[in-house]
Amino acid sequence: MSGELLAALALLRDGNAAAPAAVGIGTAQPTTGGVAAAIAAEALELLEWPRLAGHVAGFASTAAGERHCAALPLPSNCRHSQELLAETTELLGLDGVLEGGLSFRGVADIAQTVQLCAKGGTAGGEALLAVATTLAAARRLRRQIEDGVLRPITTALVEDLRTLPELEQQLHFAIEEGGRVADRASPALEGLRRQLQGVRAERRERLQDLIRRWSALLQDTVVAERNGRPVLAVKAGAASQVGGIVHASSASGSTVFVEPQAVIPLGNRIRELEGREREIEEEILLELSGLVGAEAAALDHLQMVLIRLDGGVARARYGAWLGAVRPELEADAAAPFELRELRHPLLLWQERREGGRPVVPVSLRVGPELRVGAITGPNTGGKTVTLKSVGLAALMARAGLFVPCSGTPRLPWCGQVLADIGDEQSLQQNLSTFSGHIRRIARILEALGAAPPAAAMELRAAEPQEAGPAEPEARKWTSSHRGASLVLLDEVGAGTDPTEGAALAAALLRELADRARLTVATTHFGELKALKYADPRFENASVAFDVETLSPTYHLLWGIPGRSNALAIASRLGLDGRVLAAAAEQLAAAGEEEGGDVNRVIEGLEQQRRQQQEAAEAAAVVLARTELLHEELLARWEQQKEQSAELQEQRRQQLERSIREGQGEVRRLIRRLRKGAAAAERGDGRSAGEVARQAGQRLKRLEAEHRPELPRREHAGWRPVVGDRVRVLALGKAAEVLAITADGLELTVRCGVLRSTVALAAIEGLNGEKPAPPAPPPVTVRSRRAPGSRGPQVRTEANTVDVRGLRVHEAEAAVEDRLRGANGPVWVIHGIGTGKLKRGLREWLAGVPYVERVVDAEQGDGGMGCTVIWVK
């Protein structure tokens, strides 16, 4: 056994304490907790987590939110991660429905301002104004977010938020835009500024007057400023004539800048007033800063909530931009991994932002019993990308980010994501590539802790049913390993003798199967492909390789080991054919000596997989064609149904039109007959009126035969109540029940504008229900007319109603009221006149079901001007 392997074994056996002697590094070692934190931070760097966090930060709206997203903290428990995912979901929905999205306009980073004010310092006007705008923005955001039903998580986050409207009003009142203290902030300040404005105006007028008087002595008529004092550009030779203080001269020396003696007292006065103005402003700012400092706790909480909201919106927008979906996190460490069509988020970013190559997705399905997945295949085939994709998916779900997958990704909450990816060769630490990998793996084992006993592993997914010797061990392992541990190893065992490296890799993976929830390792060792046949916790996977084009396809094939295809790749890259032939002969000889060629078995499996894939694709094509044919048949059937229904409707409408036209013609003929316009007899002995009546009866029979009947169902015991919609059989139309008599045998209904009283047997339900007759009333002793007896057969005041002068509908209501209590014939006096009232009453009475017959009265009772109505 080589010395390098012995050193590696010692390092793995003794932990990092033996690392300095084995690999030649320093003697200072961190504690176990420090090792776990260090190797976890190193894994984040290897997986390029800071780069992904920077992408998320680009979607933040505020500087504080951008810093928060750039750090992208990882929660320490599953519940917090689930809350972040729910928060991301709620904010994504709200950001999508609001026009322009959720706006953080006006939100500023006020942490330093609040801290300064809390310590008694004085903040500037712009900083205090930023506090006011932040309070207003926070109140607006709270109003937009608060909805306990749709957004319970974010509502709980903002419900106890204090936006301090009084403080905001005071700050806005005292400070103007740009941070200037407003005149209204203090009466003393307002008066001082008014006085200062007057002095400045006086000085400006004196300067203009001097310019007009000394125009011949000046180089320019513009008032300049030097050292904060107004000066005039005077010719060098005329400075003594002007008088005043010389503040500067031009580069050529031909011009001197003089403050005239006449305005010097005014300038001094202005300086004095400006100093007093600054003192008052400082007093006001100090007072406002004290108000801010008094609310430091509430403002710090508000700043924290705004940062969290900004971070949540950034996570939501980043996930939407990636086309990612919300994962389901399980607190149980033994929960399965289900990642369908997972795409590497950084490669996806490169594809969309920088025009990179399309990202090939990978799918992963790891059951609760699986512990190690060994990925084999050629170099540049996508093995390392698969490792990083799985690691980033676990971290993204933990951080509250959506995962770029299809369907619904499911995975356990991973409290530890540890990785050994890349070349760890170091000249400074005297580490070879192999030693660098071993050093990092030793730290991973130390971070994972001791392996649980076998009994504890059996109880890892549930509480023990019976107390036993292993129960304390199991509880200890479960409590000390919160969440799942995900280990990612790239080229495990590489960099040394292949035989010794394969043995070391196999032992390491068995150890990790006991300690970690899932280990995904890439390798070229054929011996590791056979581990799954001896241990059900192992599974093989491979990256696909196109043997025709001699190029990888980057697809992950789960359950099938792969080949390195070194000779094929070397051939594609142009290696000498004689070298390739010699290598192939030696490989074949080595395979015969070992009793078989594993690669041939793998090649056979790949061939079977391709055949199955082709058969599945052919079946999918047939299924798709069948579905299209089925949809086409359904569409044609629906079309035929619609055409048939449309044709029937057209025929029914045509028949109804014909019937209506015939009925109209009969009504016109009857009117002419009644007016005496046509009284001629037909040759067969029948009058024209009789012919018209028979024609009308035939039309009614024809209408009844061809009218579409609604399906009627018997409903025993159905009785209408007031407010129900019923169908009046005589009219064939729906009506509303307005009232029901005490005995339940008659109903007052309204059909359109028509109100009438009908018998219970003359109506039915809209669905064809037949009304049940009411129960017979109990027999009581009272004076009443015997059933079946008829009223008086002569006209009296009680059975006569006079409707002359009324309209048709008014007359109908009056007659209906009299018919309701009639117990014999009823005489209706309508007069002769134009006959319109009589015709209207007769047409209405023809449709009343309880009217037996209608005749003209005797000549002594009114003749044609009176109608006698006999009720059934």
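Couple of notes before you dig in:
- For segment 127-143, Karplus couplings with θ = phi - 60° (6.51, -1.76, 1.60), whole Hz, Gly/Pro x: 5, 5, 5, 5, 4, 5, 5, 5, 4, 5, 5, 5, 5, 5, 5, 5, 4
- Taking the Cα centre of segment 195-338 as reference, the dipole from Cβ charges on Lys and Arg (+1) and Asp and Glu (-1) amounts to some 1320 debye.
- Working note: Karplus 6.51/-1.76/1.60 with θ = phi - 60° gives segment 192-204 the couplings 5, 5, 5, 5, 5, 5, x, 5, 5, 5, 5, 5, 5 Hz, where Gly and Pro are set to x.
- Extents of segment 36-128, taken as max minus min of Cα coordinates on every principal axis and listed largest first, are 45, 40, 25 Å.
- Distances between placed amide hydrogens fall under 5 Å for residue 555 paired with 544, all partners being 5 or more residues away or on another chain.
- Among 643-655, 814-826, the order from most to least packed when residues are scored by Cβ within 10 Å on average: 814-826, 643-655
- Added length on full extension, which subtracts the Cα-Cα distance from 0.36 nm per residue, residue 649 to residue 813: 55.3 nm
- Over segment 272-365, the fraction of Cα-Cα pairs per 5 Å bin, rounded to whole percents and listed from the shortest bin up, is 3, 9, 10, 11, 10, 10, 8, 7, 6, 6, 6, 6, 4, 3, 1, 0, 0.
- Loop GluC sites (Glu not before Pro), segment 821-872, which have at most 16 other Cβ atoms in a 10 Å radius of their Cβ (DSSP): 858
- Gyration tensor verdict on segment 89-201 (Cα atoms; rounded if a/c is under 1.5, prolate if a/b is larger than b/c, oblate otherwise): prolate
- √(5λ) per eigenvalue of the Cα gyration tensor, segment 132-192, largest first, Å: 35, 9, 6
- Label point distance in nm, residue 297-residue 350, each placed 7 Å from Cα along Cα→Cβ: 5.1 nm
- Along segment 397-414 the Karplus relation, 6.51 cos²θ - 1.76 cosθ + 1.60 evaluated at θ = phi - 60°, assigns HN-Hα couplings of 5, 5, 7, x, 8, 6, 10, x, 10, 10, x, 10, x, 10, 6, x, 6, 9 Hz to successive residues, with x for each Gly and Pro.
Where a number appears in this text, it was derived from the coordinates with a stated rule and is not lab data. None of these values were measured; they are calculated from a predicted model. Please note: Cβ atoms are built from the backbone with ideal geometry, for glycine as well, and neighbour counts cover all protein chains shown.
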